[in-house]
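For reference, the structure discussed in these notes is given below.
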Amino acid sequence: MEINRKGNYIFINDKWIKINVYNGYEHVRINGKRITVHRLVYETFHQVCILPGNHIHHKDENKKNNNIDNLELLSESEHKRLHFMGNQIAFKGGSVRWHKRIKKWIVSVCSNYKSTHLGYYNSKEEGQQILNNYYSVDEK
């Protein structure tokens with residue numbers, strides 16, 4: 001496997017294939033199937049076939065850094081736990097979590113199986129303060 005100087009084509013099976021980006025991940029089309037470049041890199045360097053239920057994780061969370069040293073194989077549950085726990089603060093049935101698309105922290109609380117949205121905030125600390133205030137008022 002080889003990538004051209006501009007990084008927009010990859011050489012596989014004796015031909016150059018254009019690298020496209022979808023949902024932030026680089027991918028190529030091989031035999032009509034979209035395959036992510038990070039998956040190709042991992043499978044090529046480790047000479048393995050990644051089974052369903054396993055994910056390739058970018059250690060630095062940069063979706064375009066497909067250096068083999070930045071990739072690791074995780075189970076689906078390990079991968080979800082890693083991203084979920086890294087981007088959320090849980091507190092008494094409430095949470096502050098990062099929303100990737102809108103790039104804000106979401107604060108919500110859960111009571112009697114009902115979720116209540118408290119707003120979007122620019123920092124995790126601001127969201128945590130809102131959550132703390134909510135529970136200190138609720139306890140009075």
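The values are calculated or read from the model by the stated rules, or taken from the named source; none is laboratory data. Keep in mind it's a predicted model, so treat the numbers as computed, not measured.
Taking the range 54-140 as the region of interest, the strands (runs of 3 or more DSSP E) fully inside it that hold 1 or more residues being of a type in the set (A, V, I, L, M, F, W, C) and modelled with pLDDT of 85 or more are 54-58, 71-75, 104-111, 114-121.
Among the numbered conditions (1) modelled with pLDDT under 85; (2) under 30 Å from residue 2 (Cα atoms), the only one that residue 45 does not meet is (1).
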